[in-house]
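*Asks:* Below is the structure I would like to discuss, written out as structure tokens.
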Amino acid sequence: MTLEEIMEMLDIESDEDFMYFEQFAALMETEADIDYDTFTELLMMMEPEDLKNVLQSFFEDAVRGVPDDNTDLYSTLQTIKDTLVSLAEAGRGRSTGFLIDELYQFRQWYLEPQAVICTPESGGVSRRLSPCEALVLFREEKLSGDKYSYDFSEAMPAEPDEYIQDLLSEMSEDYYDDMNREEMMDMFPEEYDPDTYDPEDYSGRAVDPYREGFVDRYDPVIEGEDYDIYGL
């Protein structure tokens, strides 16, 4: 779908219109094909505070829909929620590339067809649904009276990149209490850049010049130093 088609579907006429939970949930739940660049353009329309609020509401709603015996899924979704909300709280800056990248990958997992095995407890044929559909089915149990067991073993979402979590952890330590917002943002790698992005090397993730480019992010090799990077 084009950007204009998605905006029409979400009832968005301008940037100021994209701010509500219902619109964000519809974006995440629609099975329409949305490419990465269009997804990025849509999210960049939202004010950082609005994005943080809808992210928190969306994931809290998703977590409440996890079946009681799926503790691993519950824990993973909590981790994803906390990480994305923390990135959103950092405001618009270098962290934005990581936020959009992680959220885009979550949407791909959320809509993966036939990933969850749903088996009626009363007996019968199992159904294979997307994670989104399975969480909806669990909520509907109270209305329909039909109960299912849910097998997410083939459909666990990937946890956020460890490097992101390390940075967020460092930023919460007392050592950084005296840093201003600009200094904190400088800790993040550069935002996703299509001109330097290589899907074969980075597997669809935002470019991280520290991890991918330097031996040591705090003490990178400086040109002219007596050091042979090739070991010759």
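Throughout, read-outs are computed from the coordinates displayed, never taken from laboratory work. Please read these numbers as outputs of a predicted model, since none were measured by experiment. All Cβ positions, even for glycine, are placed from backbone atoms using ideal geometry, and neighbour counts span all protein chains on display.
*Asks:* Show which lysines lie in cross-link reach of Lys81 when reach means a straight Cα distance below 22 angstrom and same-chain residues fewer than eight apart are skipped.
*Replies:* Lys52
*Asks:* Now, a different point. Using the Cβ atoms and a cut-off under 14 Å, what net charge is assigned to the surroundings of Val136, where Lys and Arg are +1 and Asp and Glu are -1?
*Replies:* Around Val136, the charge tally is -3.
*Asks:* Per residue of the stretch 115-124, in order, report the coupling 6.51 cos²θ - 1.76 cosθ + 1.60 (Karplus, θ = phi - 60°) as ³J(HN,Hα) in whole Hz, putting x for Gly and Pro.
*Replies:* Each residue of the stretch 115-124 in turn: 8, 10, 8, 10, 10, x, 5, 7, x, x Hz.
*Asks:* Here's something else I'd like to know. Can you sort Ser57, Ser86 from fewest to most other Cβ atoms within 10 Å of each residue's own Cβ? Intermediate results must be reported in sequence, preceding the final value.
*Replies:* Values: Ser57 15, Ser86 20.
Fewest-to-most ranking of Ser57, Ser86: Ser57, Ser86.
*Asks:* Between Gln78 and Met156, what length comes free when the chain is fully extended (0.36 nm per residue of separation minus the Cα-Cα distance, one decimal in nm)?
*Replies:* 26.8 nm
*Asks:* Next up: In which sequence would Ser75, Ser14, Ser130 go, from the one with the fewest C-beta neighbours within 10 Å to the one with the most?
*Replies:* Ser14, Ser75, Ser130
*Asks:* Follow-up. With labels modelled as points extended 7 Å from the Cα through the Cβ direction, what inter-label distance (nm, one decimal) is found for Ser144 paired with Glu16?
*Replies:* Taking the simple label geometry, Ser144 and Glu16 are separated by 4.3 nm.
*Asks:* Give the shape of the stretch 113-154 as rounded, prolate or oblate, defined through the alpha-carbon gyration tensor: a ≥ b ≥ c are the square roots of its eigenvalues, a/c under 1.5 means rounded, and otherwise the shape is prolate if a/b is larger than b/c and oblate if not.
*Replies:* The shape class here is oblate.
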